[in-house]
């Protein structure tokens, strides 16, 4: 996206010279479905994201147009009212963030016109909703002169999705998008939000993002069910050991007390959380040591656990990952995001990248019956003003 083009698109619907903002998507290198279990995750912001061209208004009206949802046209609501409705569509995320700012006691009385366009595939598991939420938070902060820390905006955006949208997501997506740093991944402890940046030196490898094109809506998935199962397993394990989260357990600790989990499903869910947390630690160490072969093997093990223990992959994701791992130059692959469709990632040697992409694409189309999409993303910075 060029700045000039973004401004011109804004001016097709609204008048004036807008301010520009950008909020990235995110890819989680490893550490899936453990951010709400007190685990460590290892995400990175990517160079795909959501662009906003915004101009303040003299009243409290908000007018919005999204290039990604052209059929909705220009949508409107008023900041001074709670205009919650069943027909909000994508605008629910904007209203959700506004509501959180109000609940936190911040004055968000400046209305605005906004043209919004994203190049993150909707429903692909790259956090297009969290990207939009952080974009809105940055806009509200800037237009109202609030000067909030990024961490505070991250926390409010997670609450917006939990309390207003109704999806009980953890904080990883919003954190990675808001706090992203170019060429670095984030080792994040979702329990206390301590974190460190780790240089993501992939040497002669690239991250291939593979979109299954099986759409999923997170709120309509069994995400909330998985979280409830983890809570149930935790409650039983707490009768054996004093822990606050599943990921407080080491693998050794878990296997010593796991016999209390007589329900097979609860055992599998807890096993995934504990072992995935251990894989994150090993993966960070492997990257720091430049051991990409080991990192790739950990990606494979992560997907296997998500497939068999957490059961959140599905035919399309499993096919995509299996095909990727059959290609020359692919060190490892796994699903990323909530699952049930969306995207997988593969760590691929650059010299094999195009050949691997073609091989996966052809066989995926043959087996599944429709096309997958493929992107080579770089690791970028977090949400902020653009230019």
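Quick note: the coordinates plus some simple rules give every number you see, no bench work behind them. As the structure is a prediction and not an experimental result, all values here were calculated from the model. For neighbour counting, all protein chains shown are included, and Cβ atoms are generated from backbone atoms with ideal geometry for every residue, glycine included.
Just a few scattered comments:
- Overall form of segment 127-191 per C-alpha gyration tensor (a/c, 1.5; a/b vs b/c): oblate
- Estimated from helical segments only, the mean residue ellipticity of the chain at 222 nm is -12000 deg cm²/dmol, where each DSSP H run of four or more residues counts as -39500 (n - 2.57).
- Label positions at residue 149 and residue 370, each projected 7 Å from the Cα along the C-beta direction, are separated by 4.4 nm.
- A Förster distance of 56 Å, applied to the separation of the beta-carbon atoms of residue 232 and residue 182, puts the FRET efficiency at 0.85.
- Net length gained if the chain between residue 288 and residue 193 were fully extended (0.36 nm per residue, minus Cα distance): 32.1 nm
- Förster radius 30 Å - calculated FRET efficiency between residue 259 and residue 311 (Cβ-Cβ, nearest 0.05): 0.90
- Euclidean distance between Cα centres, segment 211-288 to segment 123-148, Å: 29
- For residue 201 and residue 304, the difference between the fully extended length at 0.36 nm per residue and the C-alpha to C-alpha distance is 34.6 nm.
- Taking a ≥ b ≥ c as the square roots of the eigenvalues of the alpha carbon gyration tensor, segment 295-379 is oblate, as a/c is not under 1.5 and a/b does not beat b/c.
- Angstrom value of the Kirkwood radius, inverse mean 1/r, which spans all Cα pairs in segment 50-150: 13.8
- The alpha-carbon positions of segment 205-376 define a convex hull whose volume is 115 Å³ per residue.
- Highest to lowest packing among 135-143, 364-372, 336-344, 91-99, scored as the average C-beta count within 10 Å: 336-344, 135-143, 91-99, 364-372
- Taking label positions 7 Å along the Cα-Cβ direction at both residue 1 and residue 251, the computed distance is 4.2 nm, reported to one decimal.
- Taking the chain and dividing mean pair separation by its residue count, relative contact order in percent (alpha carbons under 8 Å, at least six apart): 24
- Against the chain, whose longest principal axis is taken from its Cα atoms, helix 292-308 shows a tilt of about 90°.
- Label-point gap, in nm, between residue 281 and residue 8 - each point 7 angstrom along Cα→Cβ: 5.4
- Cα-based Rg of segment 136-285 normalised by 2.2 N^0.38 Å, two decimals: 1.24
- Taking only the Cα atoms of segment 1-66, the radius of gyration and Dmax are 17.2, 47 Å.
- Cα-based Kirkwood hydrodynamic radius, the chain, one decimal, Å: 21.5
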